[in-house]
Amino acid sequence: MKTNICMKKNTLLLIVLLFSTSFAFAFPTITKFTITPSTPDYKIPVSNSVATTVNYSLNVTRQFNSNGREYETFGVLNYQIFYKDGSGELALSQVENIQTSQFDNYLTQINKTFSIPAGKVGGHIILRMYYACWHSNNVTAAPIEAGGAFITYIPGVTPPDGNNGPPPATYTEGAFIRNDITGEIFVGIDSVYRRIIARNNTTNLTDDYALFSKPAVDQSLYHTNSNASFSPLGADIGMVSRRHVFYLERDEFNGRVYLMEDQSATITARWIRSPATISFYRFDETKIRIFVPTTRDPSFFSREGIVAGADLGTPPY
């Protein structure tokens, strides 16, 4: 009789533990879904005659579990990408799945491709996520609009070589302009056009675009033969010199990405306020450095010489 009572108590304890664990669980969160190439207004250049293959980048984060010391584990996170218009949805990718083992601490980053069939223009791209909780096998499904901060991407026919003609008549934030004679490329940041400097003080850009994504920039270039055809001009950006370097860095603690300007004596850190801003300026996410807290430097701004600069905001400007 005592054995039966003990078994009942153990069974009840197990049920309570399972319920408590499930209640404390926080779903993994998609924090970014961006597509390249695309234009500053989130249009995807596609073809009317052949399928167009594009790259996408997906960030998924998870939180600490109830004890506050370990990251949450979960079952399987499935997702699939669709083209959606008035006639319905068309699957553009197979069903992909994300396992707990793919996370590096709180974050996993996925970079893959999908294809848009010829002539699919005017609709928009969505990502549909399915989550299966290992605690109870519950499944949730919700569509997420694609884009930096889930801003819709719309496939639309544009020149396939990124030749957008001469520079805009007025200054345009986020615009990229190539001087076809010198090979220089300028980017509109903070209301001025700044020349991009690559490794070894290179200004004739071919393969390396410093902290900017070459595929994304190439699809959105304006062209000129004279730097006098656009204005205003500002200071250079990139690998300006050995003692003056721009780079991207992520704070592992909170996931924030900063535009860093290292001038030896001081390093100015500008928080890039959203994934949409990263996409807008065509920053190369594969070049983001990771700051990991240590005993010596427990926080991002505890390092010697680092000061906070003005945030880099969210488009439109």
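The values are calculated or read from the model by the stated rules, or taken from the named source; none is laboratory data. In this text the structure is predicted, and so the values were computed from the model without any measurement. Quick reminder, even Gly has a Cβ in these numbers, built from the backbone with ideal geometry, and neighbours come from all protein chains shown.
General observations
- Count - residues of the stretch 183-209 that are touching a helix residue (DSSP H, G or I) at 6+ places or on another chain (Cβ under 8 Å) and free of Cβ contacts under 8 Å to residues at least 40 places away in the same chain: 3
- Being surrounded by 16 or more Cβ atoms within 10 Å (Cβ to Cβ), part of a strand (DSSP E or B) and at pLDDT 80 or above is true of residue 54.
- Condition check for residue 282: over 26 Å from residue 103 (Cβ atoms), at pLDDT below 95, crowded, with 20+ Cβ neighbours inside 10 Å and among the basic types (Lys, Arg): yes
- Screening the stretch 210-219 for residues that are surrounded by 21 or more Cβ atoms within 10 Å (Cβ to Cβ) and either without any contact (Cβ under 8 Å) to a residue 12 or more places away in the chain or within 20 Å of residue 165 (Cβ to Cβ) (or both) and picking the one that is nearest to the chain's Cα centre (by Cα) gives 216.
- Verdict on residue 76 being more than 27 Å from residue 278 (Cα to Cα) and modelled with pLDDT under 70: yes
- Residue that is modelled with the lowest pLDDT, among those in the stretch 34-51 that are of a type in the set (S, T, N, Q), buried (at least 18 other Cβ atoms within 10 Å of the Cβ) and part of a loop (DSSP other than H, G, I, E, B): 39
- Residue ID - modelled with the lowest pLDDT, chosen from residues in the stretch 210-245 that are of a type in the set (D, E, K, R) and not in a loop (DSSP other than H, G, I, E, B): 218
- Selection from the stretch 235-264 of residues that are surrounded by 19 or more Cβ atoms within 10 Å (Cβ to Cβ) and either aromatic (Phe, Trp, Tyr) or in contact (Cβ under 8 Å) with a residue 60 or more places away in the chain (or both): 246, 258
- Of all residues in the stretch 285-306, those that are over 17 Å from residue 58 (Cα atoms) and at pLDDT 90 or above have Cβ atoms under 7 Å from Cβ atoms of residues that are among the small types (Gly, Ala, Ser) and surrounded by 11 or more Cβ atoms within 10 Å (Cβ to Cβ), 6 or more apart or on another chain, in 301/308; 306/269.
- Scanning the stretch 108-135 for residues that are surrounded by fewer than 17 Cβ atoms within 10 Å (Cβ to Cβ) and in contact with a Gly (Cβ under 9 Å, 6 or more places away or on another chain), we see that the one that is modelled with the highest pLDDT is 122.
- The stretch 190-209: number of residues that are modelled with pLDDT of 95 or more and within 22 Å of the chain's Cα centre (by Cα): 1
- Number of residues in the stretch 200-227 that are farther than 23 Å from residue 54 by Cβ and among the basic types (Lys, Arg): the value is 0.
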